[in-house]
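A short write-up of the structure that comes next.
Each value in this text was obtained by applying a stated rule to the coordinates, not by laboratory testing. Just so we're clear, the structure is a prediction, and the values are computed from it rather than from any experiment. Virtual Cβ from ideal backbone geometry, glycine too; neighbours counted across all protein chains shown.
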Amino acid sequence: MDDFARRRGHRYATVLLDMYTRRPIDVLPDRTADTFAAWLHDHPGVQIICRDRGGSYADGARKGAPDAIQVADRWHLLKNLSDTVEKVIRGHRRCLRTHAEPASALVTPADEPGETGRRAANTRQRHAAVHALRAEGLSISATARRLDMNIRTARKYAHASTAEALIGPNASSRPSILAPFHSYLRQRLTDGVHQTADLHGEILARGYQGSLRVLRDWLTINRTRPAPATAVRVPSARRITAWIMRPGHKLTDDEHANLADARSRCPDLDTVAGLARGFAALVRHQGTGQHLEAWIDRARRAGYPEIRGFAAGLVSDRDAVVAGLAQPWSSGPVEGQVNRIKTIKRQMYGRANNLDLLRKRVLTNT
């Protein structure tokens, strides 16, 4: 029992593991520092303690085995950083909701002549509100709750590409006589031709048989209506965090492109991603931790409270973190034992609440 690692396991207990044999050697009744320190006093000679970032275990190790080397587990270092990065991204999602590309001078026109009046205005307003929430990632049911709208109505608005498709005394009426010429007229508007008489003459030559009033009504909407902002579906904070924390060679081409796009649209996210990947490189490429101080200095100057807090935690646990970057030990075997203990608990059909009985099962089933 010279060099061993301790760490977690049960819902209310702590499992101690011998890292040489990778087998449990004891189960403690709780996770407090005093309990762990008392166990170390009763079992002198511990030289290395591999642990996660839990403060109670660090305190217990200092009290019970002050001469032992504490090693911060590398997986938990990355997990703590990942949680920190996700918090920062959640606070900076607004800057990702910018235009993916400049909007054109003309909005995609409606297929029918637009209507005016209170009903039409309300329909356009509700259509814009539904599509704005959908662009933020809300489901149709969540959108309906947010807008105090019937879910069937919200679904109808979400599936309508334009508000004009929902406006009119008879939604099932036949297509406009001008519909076959919409594409041509949009192109001519883009080319800078806006005179009603000129456009009317051009489409007459192409076979249009409708009245000038229909064309005039269509141009009133499509010639003067300003283009709305391009809706950008923003990836979730968790997904962006996963792209940042995952090694570059494990990302797909689409993930690389999406991450690069997000970083280009949000300077803060770009800075945080650079910091996170720099620390992940320190953890994954086992060394002596000689670059840790430089990274902590960068994190302190970055200006993000969450990142500064993470850096402060590294400083307070510096020796264990440096040891974690340099030592080969990790809590990986402990996590495997945790899953095994969960299986044992299920097999005990509720009797695992008896700690003595659980302890016997854990220590004898090795």
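All other residues with a Cβ under 12 Å from the Cβ of Y184 taken together, and with Lys, Arg as +1 and Asp, Glu as -1, what is their net charge?
On the way: positive: R186, R188, R206; negative: D191, E202.
Result for the neighbourhood of Y184: +1.
Any idea what the dipole of the range 204-341 comes to, in debye rounded to 20, about its Cα centre with Lys/Arg Cβ at +1 and Asp/Glu Cβ at -1? Show your work: numbers first, answer last.
Working: 20 positive and 13 negative charges, 171 e Å.
Value, rounded to 20: 820 debye.
Read phi for every residue in the range 26-42 and hand back ³J(HN,Hα) as whole Hz from Karplus 6.51 cos²θ - 1.76 cosθ + 1.60, θ = phi - 60°, with x for Gly and Pro.
Taking θ as phi minus 60°, the curve returns 5, 10, 8, x, 8, 10, 7, 5, 5, 5, 5, 4, 4, 5, 5, 4, 7 Hz for the range 26-42.
Going Cα to Cα from K250, which lysines come in below 30 Å? Please leave out same-chain ones fewer than 8 positions away.
In chain and number order, the partners are K79, K87.
Highest mean first, how do 274-281, 210-217, 260-267 rank when packing is the count of other Cβ atoms within 10 Å averaged over residues? Write down the numbers at each step before the final one.
Details: 274-281: 18.1, 210-217: 14.8, 260-267: 16.2.
Those peptides, ordered most packed to least, come out 274-281, 260-267, 210-217.
Would you list, by chain and number, the lysines whose Cα falls below 24 Å from the Cα of K345, excluding same-chain residues fewer than 8 positions away?
Hits, sequence-local ones excluded: K360.
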